[in-house]
1. Count the net charge of all other residues whose Cβ sits under 12 Å from the Cβ of residue 148, scoring Lys and Arg as +1 and Asp and Glu as -1.
2. Return the sequence-ordered ³J(HN,Hα) values of region 118-125 in whole Hz as given by the Karplus equation 6.51 cos²θ - 1.76 cosθ + 1.60 applied to θ = phi - 60°, using x for Gly and Pro.
3. Enter the accessible area per residue of the chain (Å², integer; probe 1.4 Å; all protein chains in place).
4. Ignoring any ligand, DNA or RNA, what whole percent of the accessible area of the chain comes from carbon and sulfur when the probe is 1.4 angstrom?
5. Ordering 136, 59 from largest to smallest accessible area (1.4 angstrom probe), what's the sequence?
6. Between residue 162 and residue 39, how many nm apart are label points set 7 Å from Cα along the C-beta direction?
7. Using each residue's phi in region 16-31, evaluate 6.51 cos²θ - 1.76 cosθ + 1.60 at θ = phi - 60° and report the 3J(HN,Hα) Karplus result to the nearest Hz, with x for Gly and Pro.
8. Given H placed 1.01 Å from N in the peptide plane, which residues other than close sequence neighbours of residue 50 have an amide H under 5 Å from its amide H?
Amino acid sequence: TGQDDTTAEGGRDLYWLAAILLVALVLRAFSLSSPLWFDEIITVDTHLRMGWGEMLQSYSMNHHYLHNLAAKATMEAFGDAPWAIRLPALAFGLAAIAAMWFLARDLAGAVPAHATALLLALSYHHIWFSQNARGYTGLAFFSTLGLLLFLRGLKSQRRGIWLGFGAVMAATIFTH
């Protein structure tokens, strides 16, 4: 029962989503620069400080490949400040809220989508993982987006949706 975003009501719904994402950003930006904790330090020392090729060839239980590629890119662009290393987790966390909003809107309509996204935006655990230089918010984003594409693919049978689903599932696996 998703809505057409070209209508005035659909546009208003997108403004609600933008407002929720702004609240989520403010809550997640707070403490983004706090000192790194143990697991984050291990990730920086054992993966992010390696060369690109060496990092891709290394393995450990602590290595979230796609997230670490993004974290290495932000670290090279902005330095090794904690906020720069955590920036991909923040971005994936915000994207996960948006993906959940679209999923909830497709399943239940706009009002439940707003409530779902707001609850996720205010969730202590989601905030914490969005401030954590690890790949968990990437997993949340890609798995939610994958479910959204899967359900849309069942309805429409369009090849592009299924190709997107395959790409998103590959990104999920590569993140983990």
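The values are calculated or read from the model by the stated rules, or taken from the named source; none is laboratory data. Remember, it's a predicted structure, so these values are computed and weren't measured experimentally. FYI the Cβ positions are ideal-geometry reconstructions off the backbone, even for glycines, and counts take in every protein chain you see. Side chains included, ligands, DNA and RNA excluded: accessible areas come from the protein's heavy atoms. Shrake-Rupley method; radii C 1.70, N 1.55, O 1.52, S 1.80 Å.
1. Neighbour charge sum, excluding residue 148 itself: +2.
2. 5, 4, 5, 5, 8, 5, 4, 5
3. Ligands and nucleic acids excluded, the figure is 52 Å² per residue.
4. Here it works out to 72 percent.
5. Solvent-accessible surface, decreasing: 59, 136.
6. For the pair residue 162/residue 39, the computed spacing is 3.7 nm.
7. 4, 4, 4, 5, 5, 5, 5, 4, 4, 4, 4, 5, 7, 5, 5, 6
8. none
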